[in-house]
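S.K.: Take a look at the following structure, please.
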Amino acid sequence: ESRWRMQLILGLYGVFILVGGFLIVGSSFYFSRTIAQPLRWLARGASEIAQGHFYKRVPVLSKDEIGQLSSSFNVMAKRLREHEERLKGLATLEERERIAQELHDSLAQDLALLHLKVVEAERNLVPGDRAAAIETLKEMRRIVDNAYEDVRQAIFGLRTMVSKGLGLIPTLTEYLHEFSEVRKIPVDFKIDGADGVRFSPQVEIQLIRIIHEALINVFKHARATRSKVKFERDGEFAQVTIEDNGQGFRPQEVMRNGFHFGLQTMRERAEGAGGSLAIETVP
């Protein structure tokens, strides 16, 4: 009788252990499917959103709190996508205004000067002053060359707004190579520990435009013979440095004299991308 009772007790213990094992496995599966997996999807989706990929959506498997959280995440991602489209429209308008300003400041002025030089050449040709006419024509050719390069740079600015499929580094590499060839100012491009840094397409466009504006200033004003663009990782941020060996300037005088359009544009672009702009220079 004692053995029979012991066997019964052991059998009940075995049943309890078996049922407990099934309960543990079932609850683990339930927890993984209804809580752990949706949370992993949410974490992965949040990471994608942080990188600017607002198309990301997560599956909704239930109507409980986790399901409601997943639904809210999808609604948030959809609204962020809509806001991104609106911002693209605003950025396009801003870019048009900027290009219009650049064309007014460079191409329009060059064409006006070219017109004056044509009039001067006509006057010199009438009395037969061949030497003066030849010199005027040389100046006209230089003006035309500068105007042509300004137009090419404006076209590059438009191209970077639409051809975002290449990515930041290939686009920059192509532009810096073209800049070095055309402007005859070698640009050394270095990436130091920032290979894995990823930016949203909007931030990449702003960075390209800042680097473009800085190098144009180097060409037009610095009298430099070489330049350098360097990407470095700075904690969770990336530091982009544009250097040249030019003559330098006093920022206070530039701001005071009103020739600060380019510097102000670069600062606004950096702040719009969530960063800041620092200028270090002396004559």
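Computed from the coordinates by the stated procedures, all read-outs in this text should not be read as laboratory data. These numbers were taken from a predicted model, which means no experiment stands behind them. Every residue, glycine as well, gets a Cβ built from its backbone with ideal geometry; the counts of neighbours run over all protein chains shown.
S.K.: In nanometres, what is the gap between the two model label sites at Gln239 and Lys63, each 7 Å from Cα along Cα-to-Cβ?
M.R.: 5.5 nm
S.K.: Leaving out same-chain residues fewer than 8 places away, which lysines sit with a Cα under 17 Å from that of Lys117?
M.R.: Straight-distance partners of Lys117: Lys138.
S.K.: Further question: Between Ala112 and Glu139, what is the label-to-label distance in nm when each label sits 7 Å out along the Cα-to-Cβ direction?
M.R.: Reported label-point gap for Ala112 and Glu139 is 1.6 nm.
S.K.: Something else now. Under 20 Å from the 7 Å Cα→Cβ point of Thr281, by amide nitrogen: which residues of the range 218-236?
M.R.: Counting only backbone N, you get 218-231.
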